[in-house]
Amino acid sequence: MHQITKIAGYVTIILAVISFNFFLPRFMPGDPLSFLTGAPGMDMPIVLDEATRAKLLAYYGLDKPLLQQFADYMIKLMHGDLGWSTYYNAPVSSILAGRLKWTLLLIGTSTLLYIALGIVLGAISAWNRGGKSDVGLLLLLLSVGSFPPFFLGMLLIILFGVKLNLFPVFGAQSPFMAYSSPVEEAMDILHHLILPATTLVITHIGGVYLLMRNSMLNVIGEDYILTARAKGLAEWYILRKHAMKNALLPITTMIALRVGFMISGTILVETVFAYPGVGMLLFDAVMYRDYPLLQGAFLIITLVIIAANFVADMVYLRLDPRLRHD
Amino acid sequence: MTEKTIELTDLRRLWDTYSEKRIGVIGLVIMLVFIVMAVFAPYIAPHDPYELYNPMEPPGPDHLLGTNDIGQDILSELIYGARVSLFIAFFVSIVSGLIGTILGLLSGYYEHVGFFIMRIVDAFLAIPRLPLIILIAAFMRPSIWNLVIIFTILGWPITTRIIRSEVLSLRTRNYVEAARMLGAPDSYIMIKHILPNVFPLLVVRLVVEASHVILAESSLSFLGLGDPTAKSWGMILHYAFMYPTIYISDVWKWWMLPPGLCIVLTILSLMFIGYALEELVNPRLRGMTQV
Amino acid sequence: MTLLKLKRLRTCFPTRDGLVKAVNTVDLEIGANEILGLIGETGCGKSILGMSIMRLLQPSTRIEGEIIYKGQDLLKLSEAEMRKIRGKEIAMILQNPATALNPVLTVGDQIAEAIWLHQTMTKREAREKAIEVLRSVKIPSPEKMANECPHKFSGGMKERAMIAIGLACNPALIIADEPTRGLDASTKEQIIKLMKEVTEEKSMLFITHDLDAAAEICDTVAVMYAGELVECAKTGDLFGKPLHPYTMGLLDSLPCRGLKPIRGMSPSLIDYPSGCRFHPRCDYASAICEKKHPEMVKVEDRHYVRCFMYL
Ligand SMILES: Nc1ncnc2c1ncn2[C@@H]1O[C@H](COP(=O)(O)OP(=O)(O)O)[C@@H](O)[C@H]1O
Ligand SMILES: [Mg+2]
C-alpha cells in the first residue's frame, strides 16, 4: 500500500516536470519562438543559420495543434530525442551523455563523503552534548555552512590552486594529455576532483550534521538506551548498535532530499571550476541562450534527482521494521 | 493598561532567554549592521554605484575598495547590494511564510484538503530548486519582481509542511477539543487557539527561509540571471568571476572578497538567529548547549 | 544474609526550579532470595531509587549515601567496574516495555548482546542461550520470535522479553520496575506467576503501585511516600495490620476495600511540607506532626514505621 502511493506520487511528479518543461517555452509572453530567433526585446539576440533554425522549428513543431505537439514531444522523449543544441550544433542528448558521467562522479564522491562525515560528527556532537567538542563542531559547521559554494570554490582556487599551486583549478582532466597508464589517468582525474568535491562537502556537511545531531539528541533520551545501559554495555557500543540506526531512520528521507538540493551546489561548483558536467552545461546554456540545451539539462538533472529520491524512499521502507510489510 | 504591562514583561523574559545564547546576540548585531547599510545606503555610500570612473583602480583614498572593470566604485556597489539581498530575502520569506501558514493551517485542520495540498508539497519538494529557478529565470525577463515571484512560489511548500505537522499535534490538545465541543467555528479555533501556538515555529521558519533566499538570489545573480539593473552581491561576484585575471592579480582581494564575505555574514547571522530562536521555541533543546 | 543494603541513600536533581529530592535518606535491606516490594503513589521516587542503585541517572544527578552490594559500595566503583555489575550482578527491568525495547533490533539480539558481553562464548552460543532464555519466560516458538523486532510482540510478550533481558546473565538481584503496569488482568496474573518462578533462587526489588501484585509475590514490603520510606514490614503484617496512616489509606483505596482515595495530592519533591510529610493529608495528624519530622521506629519484630502514633 505504502509503496503504491509512493510510486504513484513519483509518476505524477515526473509527468508534471515533463509537462512543465513542455509548456514553459510555449506559454511565455509574446511569440513562442521569439526567444529562439532573437526577437526585439531580448538582451542577447542570437543569430541562427537557416539549417539550425529549420531543425529547431521542426523539433518544436509549433504549426501543429498543442495536443499533437505534446504527443510528439512525449514520443520524442521516449526515443531519447531532447532536441538540437543551437550553441554546440549537435543533438542535446549526445552532449548530455558526454557530460553526465562527470557530474555523477562529482556528486557521487562528495555525497558519500559529506553524508558519512555529517552523520559521524552529528552523532559525536550529540553524544557529548554541551561539551567542548559539541560546541566547537556546532560553531565550525554552522560557519562553514554559510559560505555559498561559488564563493568558497573561488577562495579554494586562490588558496590551493594559485597560491600553493597544489591542485589544478579547472577541468576534469589535464588537457592534451597522453596517459601512459590507466592508473595515471585515474590519478589525474582524482587530482582534478579534489577541490570541487571539497567545496561541495564543506558547504553541505552542516545540514546533515544538524539533522543527525537533533535526531540523536532525541534518541539519547529514549528508554531503550537506558535498557542498553542497564545491560552493562559500553557507551561506544550503545552509540553504534542501539542509537545510530534509530537516529538515522527518521532522517533518511530528509538526507535524501538534501542530495536533491545538492544539485544546486553542483551547478555552481562546476561553473566555478569549469568542471565539464551537466551543471556547467546549464551555465553555458544560459550564457549562450541555448534553450533546447537548457531544457534538456534541466529535465535530465530533475529526473536523476527524482530517481535518487525514489531509491531513498524505497530503502527507507525496507530499513524500518515497523513499516515493512510481509 | 495592565494587559500592556504583562506583554512587556513577557517580551522582557523572552529577550532574557534569547540573549542567554551568545550566538543569537552576535547574529542580531550583524544583521542590524546590514539593515542600517541597506536603509541608509544613499547616505553611507561614497559614490553613485552606477557612475563610471577609471576602470580597475586599486583601493585608494577616493575609492576605498577600488573600481570594477567598467569603473564603478565597488564599495558603493557593496552598500547598495545590501538593499537588494535583504529586500528580496525579507519580502519573500514573509509572503511565502504567509501563504505557507494559511495552507498549513487548512491542510492540518481539514483532512481531505490536507491530503491534496500535501501531494502538491511533495511534488514541489521533489524537484530541485536551483535548476528550476534557472530555467524559469532564463525564460522570463530577469527583474527583481520576477525573482520575488519565483522564490515565493518555491518557498511556501516547506513552511506548509512544518505548520501542518504542528497543527496536527495541536488539534488533539484538550483546549482545542474543548473549544470544538462547545461549537466554536473552525475559523475562530484556528485563529484564536492554533495560530498563536504555531507562531513561534513560523518565526524560526521565516529566518531560515530568508537565508535560503539570500543564497538562491546570490547564486542566480552569480550565474548572470539576476536583475541587471539592480546591484546585488551575487552580481558583483558574477562580474568579478568573468574577469579573466581575477585569480592571478591582487584584484580579488577588493573585488571578490568583500561581496562574498557580505553574503557569508548575512547568511551566518540568520543561521545564528535561527539557531538561538529554535532553542527558545523548542524547550526540549533548551539548555543542551551553552553557546 | 544481606545481599544489598542502602544506607541513607539520597538522590537529588538540580533543576531550574530548585533541588528535586526524589529519594531522601532511604535505608533498606534485601536479603538473599528475598523479594522486597516497593509500593507508593506515582511520582514518589520508586523508579529513581531503582535507577540510583544501577547508577543509570544522568551525570548531573547527586547521589549520596551508600549502596552496599555483596560488601562493596557501588557508589565508589568506577564507571567501568559498574558496567560489570549491571546486567551480570544486578539487572533492571525498566518500566514501560513498549518504549524500553529497541524498536529496530531483533529481540534475540537484544538478549544475546548482554550474554555475549558478560560471558565468554561465541556469538552463536550467545544466540542459542538467548533462545533458551526466551523459552524460560514462556514465549511461544522462541526460535522464530528471537528473529522478530519488538513491534511483533503484544504488550504481555514485550514484558516477557524485558524479563528475558533481565534474566539473560543470571544475575543475583533483579530490580523490576512496574512489570505489571498496563496489562489486562489475566496477562498480569501470568506475568506475576512467571516472576515468582524465575526468581525462586534470586533476590528481587519489586517496584509497583499495584498492591495486589505486591501482596501476591513479595516477602517484605516497603512503603514509600514523597521520597522516603514510611513503613516496612513482612507482607502479611503490612497488609494485615498496616500501621502508618498512609499505608492504611493506600489499602482503603483498593477496589475490594471500598475504593476510598486518599484526600489531597502528593507533595512537590522540591519543597516538602514541614514535619511529617504526610500530615496535610493525614486524618490522625496532631500538632507535633506539623513541627517535627518523625524517625523510623521499630514497632514489632521486622515491622518499622515512621509515625508519631507509635513513638
Ligand atoms: N531528571 C529529573 N530531573 C528532575 N526531576 C526528576 C527527574 N527524573 C525524575 N524526576 C522526578 O522525580 C520524581 C520521582 O520519579 P519516579 O521515581 O519516576 O516516580 P515513580 O515513583 O512513579 O517511579 C518525580 O516527581 C519526577 O518528577
Ligand atoms: Mg516509575
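Observations on the structure shown:
- Residue identified as touching a residue at least 24 places away in the same chain (Cβ under 8 Å), under 30 Å from residue C:16 (Cβ atoms) and more than 13 Å from chain A (Cβ to nearest Cβ) among C:48, C:68, C:53, C:63: C:63
- Residue within segment A:243-263 that is open to solvent by 10 Å² or more (accessible area, probe 1.4 Å), under 21 Å from residue C:103 (Cβ atoms) and hydroxyl-bearing (Ser, Thr, Tyr) present: yes
- The residue list C:25, C:11 contains one member that is more than 18 Å from residue C:213 (Cβ to Cβ), polar (S, T, N, Q), more than 14 Å from ligand 2 (Cβ to nearest atom) and assigned to a strand (DSSP E or B), which is C:25.
- Single residue of segment A:73-99 satisfying the filter (of a type in the set (A, V, I, L, M), part of a helix (DSSP H, G or I) and open to solvent by less than 50 Å² (accessible area, probe 1.4 Å)) that is nearest to residue A:259 (Cα to Cα): A:96
- Scanning segment C:167-190 for residues that are away from ligand 1 (no atom under 16 Å from the Cβ), within 12 Å of another protein chain (Cβ to nearest Cβ) and not in a loop (DSSP other than H, G, I, E, B) yields a count of 2.
- Restricting C:21, C:88 to those that are buried (at least 17 other Cβ atoms within 10 Å of the Cβ) and within 12 Å of ligand 1 (Cβ to nearest atom) reduces the list to C:21.
- Scope segment C:45-58; condition part of a loop (DSSP other than H, G, I, E, B) and either open to solvent by less than 30 Å² (accessible area, probe 1.4 Å) or within 11 Å of ligand 1 (Cβ to nearest atom) (or both); matching residues: C:45, C:56, C:57, C:58
- Filtered residue count, segment B:143-161, keeping only those that are over 14 Å from residue B:118 (Cα atoms) and part of a helix (DSSP H, G or I): 12
Residues are listed down the side, and each one gets a yes or a no for (1) of a type in the set (A, V, I, L, M, F, W, C); (2) within 16 Å of ligand 2 (Cβ to nearest atom):
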| site | (1), (2) |
| --- | --- |
| C:183 | yes, yes |
| C:189 | no, no |
| C:222 | yes, yes |
| C:226 | yes, yes |
| C:233 | yes, no |
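- Checked against the criteria, residue C:227 does not count as free of Cβ contacts under 8 Å to residues at least 24 places away in the same chain and either more than 14 Å from ligand 1 (Cβ to nearest atom) or away from chain A (no Cβ under 14 Å) (or both).
- Of residues in segment A:141-166 being more than 9 Å from chain B (Cβ to nearest Cβ) and farther than 23 Å from residue A:209 by Cα, the one least open to solvent (accessible area, probe 1.4 Å): A:160
- Single condition residue C:134 does not satisfy, out of (1) open to solvent by less than 10 Å² (accessible area, probe 1.4 Å); (2) under 29 Å from residue C:1 (Cα atoms); (3) not acidic (Asp, Glu): (2)
- Restricting attention to segment C:28-44 and to residues that are in contact with a helix residue (DSSP H, G or I) (Cβ under 9 Å, 6 or more places away or on another chain) and within 11 Å of ligand 2 (Cβ to nearest atom), the residue that is most open to solvent (accessible area, probe 1.4 Å) turns out to be C:41.
- One residue alone among B:280, B:237, B:220 is crowded, with 18+ Cβ neighbours inside 10 Å and within 22 Å of residue B:11 (Cα to Cα), and that residue is B:280.
Per-residue answers, yes or no, for (1) surrounded by fewer than 20 Cβ atoms within 10 Å (Cβ to Cβ); (2) touching a residue at least 40 places away in the same chain (Cβ under 8 Å); (3) hydrophobic (A, V, I, L, M, F, W, C):
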site	(1), (2), (3)
B:122	yes, no, no
B:128	no, no, no
B:135	no, no, yes
B:139	yes, no, yes
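- Counting only helices (runs of 4 or more DSSP H) wholly contained in segment A:211-287, the ones carrying 2 or more residues that are more than 14 Å from chain B (Cβ to nearest Cβ) and modelled with pLDDT of 90 or more occupy A:223-230, A:244-248.
- Within segment A:168-179, residues that are on the phi > 0 side of the Ramachandran plot have Cβ atoms under 8 Å from residues that are surrounded by 13 or more Cβ atoms within 10 Å (Cβ to Cβ) and among the aliphatic types (A, V, I, L, M) in these pairs: A:171/A:274, counting only partners at least 6 apart in sequence or on another chain.
- Apart from one condition, residue B:249 fits all of (1) facing chain A (nearest Cβ under 8 Å); (2) among the small types (Gly, Ala, Ser); (3) open to solvent by 30 Å² or more (accessible area, probe 1.4 Å); the exception is (1).
The values are calculated or read from the model by the stated rules, or taken from the named source; none is laboratory data. If you're wondering where the values come from, they're calculated on a predicted model, not measured in any experiment. FYI the Cβ positions are ideal-geometry reconstructions off the backbone, even for glycines, and counts take in every protein chain you see. Accessible surface is based on the protein model in full, side chains and every heavy atom, while ligands, DNA and RNA are left aside. Shrake-Rupley method; radii C 1.70, N 1.55, O 1.52, S 1.80 Å.
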